[in-house]
Amino acid sequence: MSKIFVIAEIGINHNGSLSIAKKLIELAKDCGCDAVKFQKRDIDTVYSPDELDSYRESPWGNKFYQQKKGLEFEKKDYDEISEFCKKEKIEWLCSAWDTKSLIFLDNYKLRLNKIASPMITNLEFLEEVASRGKHTLISTGMSNYDIIDEAVNIFKKKNCSFEIMHCVSVYPCPEEILNMNIIDKLKKRYNCKVGYSGHEPSVIPSVIAATFGISSLERHITLDRSMYGSDQSASLEEQGLRNLVNSVRKVDTIIGASDKTFLPQEIPIAKKLRYWENKK
């Protein structure tokens, strides 16, 4: 088994604060994650005028538009995030939710692209992503084989490398609907690497996913689950994240080889406990 690529999903849990974003980047790095991930939306593309004008209480005002605008970082913010990640020696990526945001992210020459689960049915958008030729992580929440087939075919036709991420889009997600057995089926059906993107409060499902030989693991992180935001309750705080990374990193060692052998470490124990052999 190869090392699992662990992504700390910051998403919008920064609440529009660069200070919080930097603290989350530092947390991810300190806990041993390989990358952090953000989300980028052009709110005038993603939401209708009526939605943006609707009532929504938030720290930024009582309009839906004010909330969504408050959660978005601009270019100067991403410039600073990019430099900060370089300083911290941690990779960053970002899931675009529209073509305008995808073009915006082209400025940063990121190594990876990420398709968020809602975007998997936006075939025109998938064509745009695949045309970049970057290795792409495709989350599969809110989908079935037919939907995934269409997405995968686009990336294959564009000769763009990809991996699928098993995902259940419920926040937080009850463990009884996680269906980890699908990981092996996804590997066989699409002949590709398969990762896991989880939204459950516990670290146990992610460790179980690791035993299925996943290539990547994405979990939301937060400084405090009680903070404002729709994703906070499905996120891991520091201790949970640290436990997650430490546990996942041990899986390869614990699984070990597939042969049953009489280990050298067992020889002195056998000599001590198999008394009848000592009498020969």
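The values are calculated or read from the model by the stated rules, or taken from the named source; none is laboratory data. Every value quoted in this text rests on a predicted model; they were computed, and no experiment measured them. Every residue, glycine as well, gets a Cβ built from its backbone with ideal geometry; the counts of neighbours run over all protein chains shown.
Data for the structure
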| item | result |
| --- | --- |
| Residue list for region 203-229, restricted to those being without any contact (Cβ under 8 Å) to a residue 60 or more places away in the chain and either in contact with a Pro (Cβ under 9 Å, 6 or more places away or on another chain) or farther than 28 Å from Ile254 by Cβ (or both) | Asp224, Arg225, Ser226 |
| Helices (runs of 4 or more DSSP H) (entirely within region 95-161) containing at least 1 residues that are without any contact (Cβ under 8 Å) to a residue 24 or more places away in the chain and of a type in the set (Lys, Arg) | 145-157 |
| Filter pass, Ile4 being surrounded by fewer than 22 Cβ atoms within 10 Å (Cβ to Cβ) and either out of contact with any strand residue (DSSP E or B) (no Cβ under 8 Å at 6 or more places or on another chain) or in contact (Cβ under 8 Å) with a residue 60 or more places away in the chain (or both) | no |
| Residue in region 63-73 that is nearest to Gly229 (Cα to Cα), counting only those that are of a type in the set (D, E, K, R) and in contact (Cβ under 8 Å) with a residue 12 or more places away in the chain | Lys68 |
| Only listed residue being at pLDDT 95 or above and either polar (S, T, N, Q) or farther than 24 Å from Cys192 by Cα (or both), chosen from Leu217, Leu244 | Leu244 |
| Helices (runs of 4 or more DSSP H) contained entirely in region 10-62, each with at least 3 residues that are within 25 Å of Asn246 (Cα to Cα) and either without any contact (Cβ under 8 Å) to a residue 12 or more places away in the chain or touching a strand residue (DSSP E or B) at 6+ places or on another chain (Cβ under 8 Å) (or both) | 18-30 |
| Qualifying residue in region 65-78 (condition: outside any helix (DSSP H, G or I), surrounded by 15 or more Cβ atoms within 10 Å (Cβ to Cβ), touching a strand residue (DSSP E or B) at 6+ places or on another chain (Cβ under 9 Å) and not charged (D, E, K, R)) | yes |
| Some residue of region 240-263 being of a type in the set (D, E, K, R), over 18 Å from Tyr171 (Cβ atoms) and over 25 Å from the mean Cα position of the chain (by Cα) | yes |
| Residue ID - farthest from Phe155 (Cα to Cα), chosen from residues in region 111-137 that are out of contact with any Gly (no Cβ under 9 Å at 6 or more places or on another chain) and β-branched (Val, Ile, Thr) | Thr121 |
| Qualifying residue in region 167-186 (condition: closer than 28 Å to Ala21 by Cβ, touching a strand residue (DSSP E or B) at 6+ places or on another chain (Cβ under 9 Å), modelled with pLDDT of 95 or more and among the small types (Gly, Ala, Ser)) | yes |
| Flag for Lys86 being in a helix (DSSP H, G or I), touching a Ser or Thr at 6+ places or on another chain (Cβ under 9 Å) and surrounded by fewer than 17 Cβ atoms within 10 Å (Cβ to Cβ) | no |
